[in-house]
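Undergrad: I am attaching a structure below and will ask some questions about it afterwards.
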Amino acid sequence: MTVKVLRAADREAVAWKNGGGLTREIAAFPEGAGATGFDWRISLADVAGDGPFSAFPEVDRILTMAEGTGMDLTVGGERRLVDERYVPQHFPGDVATDCRLLGDPVVNLNVMYRRGRTAASVAVLRGGPHVEVPTGSTVVIVALDGTASFDGAPLARYDAVVTTSPGTLVTRGHAVVVTLTPTG
């Protein structure tokens with residue numbers, strides 16, 4: 001694969017696994033794996049109210065708030081304040097997590113990856129860096145605000161590219177670069 005462009009307008013909103021909110025899947029591996037059979041999954045979640053997050057056994061999460069005032073999370077009994085946009089937050093997906101909104105609804109970019117199968121890293125960038133893709137890895141880039149392009153492919157807000165090839169990212173706002181590497 002060189003570059004696959006995934007348009008935000010083509011995504012369907014579906015209920016969370018626990019029914020407490022809505023999510024729009026950006027990409028997953030294997031494709032069509034659903035909410036439980038993935039090695040990795042990237043989505044945008046709309047959090048409109050207080051309540052628990054869905055539990056995902058043997059899954060780790062990296063959450064990056066893209067819109068809203070923030071959340072006061074309790075992850076495994078420990079408080080975690082998420083009140084700054086574009087700062088990745090790592091936590092286990094199989095530990096009880098409860099959310100209290102700090103104000104208006106939020107939109108989170110979620111990266112979920114299965115322990116023992118995938119390693120993931122998330123970087124939020126601005127500007128025009130060259131994006132490296134380690135051998136055997138997949139990189140997913142999502143424009144979070146403003147516009148971006150990857151090797152000339154234009155991206156509007158929340159559009160994404162999936163690539164296994166290195167290239168040049170130019171952003172006119174923030175973009176998240178997720179690197180996913182098989183481990184098992």
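Condition check ((1) out of contact with any Pro (no Cβ under 9 Å at 6 or more places or on another chain); (2) over 30 Å from SER137 (Cα atoms); (3) without any contact (Cβ under 8 Å) to a residue 12 or more places away in the chain; (4) assigned to a loop (DSSP other than H, G, I, E, B)) across all residues:
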| site | (1), (2), (3), (4) |
| --- | --- |
| ALA27 | yes, no, no, no |
| GLU31 | yes, no, yes, yes |
| LEU63 | no, no, no, no |
| ALA66 | yes, no, no, no |
| ASP104 | yes, yes, no, yes |
| ASN110 | yes, no, no, no |
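Rundown of residues vs (1) within 25 Å of THR147 (Cβ to Cβ); (2) more than 16 Å from the chain's Cα centre (by Cα); (3) surrounded by 12 or more Cβ atoms within 10 Å (Cβ to Cβ), yes/no style:
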position	(1), (2), (3)
LEU6	yes, no, yes
ASP10	yes, yes, no
GLY19	no, yes, no
MET65	yes, no, yes
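For every residue, the table says whether it meets (1) on the phi < 0 side of the Ramachandran plot; (2) out of contact with any Gly (no Cβ under 6 Å at 6 or more places or on another chain); (3) not acidic (Asp, Glu).
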{"residue": "LEU22", "(1), (2), (3)": "yes, yes, yes"}
{"residue": "LEU63", "(1), (2), (3)": "yes, yes, yes"}
{"residue": "GLU78", "(1), (2), (3)": "yes, yes, no"}
{"residue": "VAL87", "(1), (2), (3)": "yes, yes, yes"}
{"residue": "LEU102", "(1), (2), (3)": "yes, no, yes"}
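Undergrad: Which of the residues that make up the range 130-152 are touching a residue at least 60 places away in the same chain (Cβ under 8 Å) and surrounded by fewer than 16 Cβ atoms within 10 Å (Cβ to Cβ)?
TA: Once the filter is applied, which keeps residues that are touching a residue at least 60 places away in the same chain (Cβ under 8 Å) and surrounded by fewer than 16 Cβ atoms within 10 Å (Cβ to Cβ), the range 130-152 yields only ASP151.
Undergrad: Surrounded by fewer than 17 Cβ atoms within 10 Å (Cβ to Cβ), of a type in the set (Gly, Ala, Ser), in contact (Cβ under 8 Å) with a residue 24 or more places away in the chain and in contact with a helix residue (DSSP H, G or I) (Cβ under 8 Å, 6 or more places away or on another chain), is that true of ALA156?
TA: yes
Undergrad: Please tell me if ARG80 is in a strand (DSSP E or B), free of Cβ contacts under 8 Å to residues at least 12 places away in the same chain and over 17 Å from LEU144 (Cα atoms).
TA: Yes: the conditions hold for ARG80.
Undergrad: Of all residues in the range 157-176, how many are of a type in the set (A, V, I, L, M) and within 24 Å of GLU84 (Cβ to Cβ)?
TA: The number of residues fulfilling the criteria is 4.
The numbers here are math on the coordinates, done by the rules we state, and not lab data. Remember, predicted model here, so these are calculated numbers, not experimental data. Please note: Cβ atoms are built from the backbone with ideal geometry, for glycine as well, and neighbour counts cover all protein chains shown.
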